[in-house]
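Down below is the structure, laid out as structure tokens.
Where a number appears in this text, it was derived from the coordinates with a stated rule and is not lab data. These numbers come from a predicted model, not from an experiment. Here the Cβ positions follow ideal geometry from the backbone for every residue, glycine too, while neighbour counts run over all protein chains shown.
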Amino acid sequence: MIDVATAKDDVRAYWAEPEGETKGGIIVIHEVWGLNDHTKDIADRLAREGYLALAPDLLSDTIDVDAAGALQEDYFNPDPEKRNEAQPKLRGLMTPMHNPSFGADTLAKIKGCFNCLYSQPETHEKVAIIGYCFGGTYSFSLAVNEPRLKLAMPFYGHANFTVEELKAIACPVRAFFGEKDENLMKALPELKQKMGEAGVDFEAKVYPDCGHAFFNDTNRFAYNETAATDAWQCVLEHLKQYVG
């Protein structure tokens with residue numbers, strides 16, 4: 001763990017570096033459960049592929065991430081009774097995230113992480129971002145707000161931007177979704193249209209027979225091994241093409 005200076009406050013972040021040559025840098029943004037072992041494992045996997053990975057802790061100073069993490073399994077539980085118990089509890093825990101300043105402060109922290117990686121000589125000013133759920137949403141956000149970004153790979157994130165805002169995106173965006181993730185599936189056609197009007201190099205891959213959080217191999221109710229394996233290969237291919 002290291003401290004990364006940002007325009008707002010310093011942010012704690014998990015640092016994973018390759019043993020050999022570094023191909024570039026990548027920011028890894030966690031789910032709403034916070035910076036946990038699953039997110040650190042993704043950073044480690046990317047480091048083994050030659051990328052200097054930085055995974056910031058963006059929630060522990062705002063919500064009780066341990067309490068939120070304890071609700072993760074029941075939140076996805078196929079038993080409706082357990083889901084109905086977990087969902088209002090999670091919404092209550094997430095209330096501080098609705099503060100108007102939270103989004104700007106979080107983006108400032110991610111920008112600080114970008115600057116940290118961008119300034120490392122071994123990344124050659126080549127930095128990408130990947131994020132999941134909460135992190136997927138902020139992957140879209142950094143793409144809109146950082147013209148030096150080389151690649152954005154949001155997994156099941158929201159992109160609530162206008163066409164004019166999306167025009168600021170200067171890098172390819174490769175997004176991943178699960179077919180059963182109903183809210184995001186409803187929003188995807190409009191997102192594709194906006195991205196097209198904005199002239200963004202945007203591709204969305206939708207995996208059948210899975211829903212939200214299909215990449216999370218610690219979530220027995222959400223994880224889909226077939227989709228996750230294919231998505232990981234796509235991630236590596238995109239990184240090779242656009243970062244190094």
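So here's what we get for this one:
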| read-out | value |
| --- | --- |
| Whole-Å semi-axes of the ellipsoid equivalent to segment 50-149 (Cα gyration tensor, √5λ, descending) | 31, 15, 11 |
| Paramagnetic reach from Met185 in segment 201-244 [backbone N under 19 Å; point 7 Å along Cα→Cβ] | 204-216, 221-228, 231 |
| Flagged links, alpha-carbon separation over 24 Å, of Lys8/Lys192; Lys150/Lys205; Lys180/Lys240 | Lys8/Lys192; Lys180/Lys240 |
| Within a Gaussian network of the chain (alpha carbon springs, distance under 10 Å), most fluctuating of Tyr118, Tyr132, Tyr156 | Tyr118 |
| Relative intensity, log₁₀ I(q)/I(0), of segment 112-244 from a Debye sum that treats every alpha carbon as a point, q = 0.18 Å⁻¹ | -0.98 |
| Centre separation in Å (Cα based) which lies between segment 180-244 and segment 50-89 | 20 |
| Relative contact order [Cα under 8 Å, 6+ residues apart], segment 15-64, whole percent | 51 |
| Per residue Cα convex hull volume in Å³ - calculated over segment 90-163 | 102 |
| Rel. contact order, % - alpha carbon contacts under 8 angstrom, at least six apart, the chain | 17 |
| Inter-site label distance for Asp37 and Lys82 at 7 Å from Cα along Cβ, in nm | 1.9 |
| Within segment 97-136: backbone nitrogen closer than 20 Å to the Arg45 label point (7 Å, Cα to C-beta) | 128-136 |
| Highest-MSF residue in the chain out of Ile130, Ile42, Ile29 [GNM, Cα springs under 10 Å] | Ile42 |
| Cα-centre dipole for segment 38-94 with unit charges at Cβ (Lys and Arg positive, Asp and Glu negative), debye to 20 | 160 |
| Gaussian network model of the chain, Cα within-10 Å springs - most flexible of Leu142, Leu93, Leu35 | Leu93 |
| Cα-projected label distance for Asn99 with Ala5, points at 7 Å along beta-carbon direction, nm | 2.4 |
| Square roots of 5 times each gyration tensor eigenvalue, C-alpha, segment 1-86, largest first, Å | 30, 17, 8 |
| Segment 164-224: Rg to Rh, with Rh as the Kirkwood radius over Cα pairs | 1.06 |
| Whole-angstrom gap from segment 124-140 to segment 14-34, using each part's C-alpha centre | 10 |
| Quarter of the Cα convex hull surface for the chain, i.e. its orientation-mean projected area (nm²) | 12.2 |
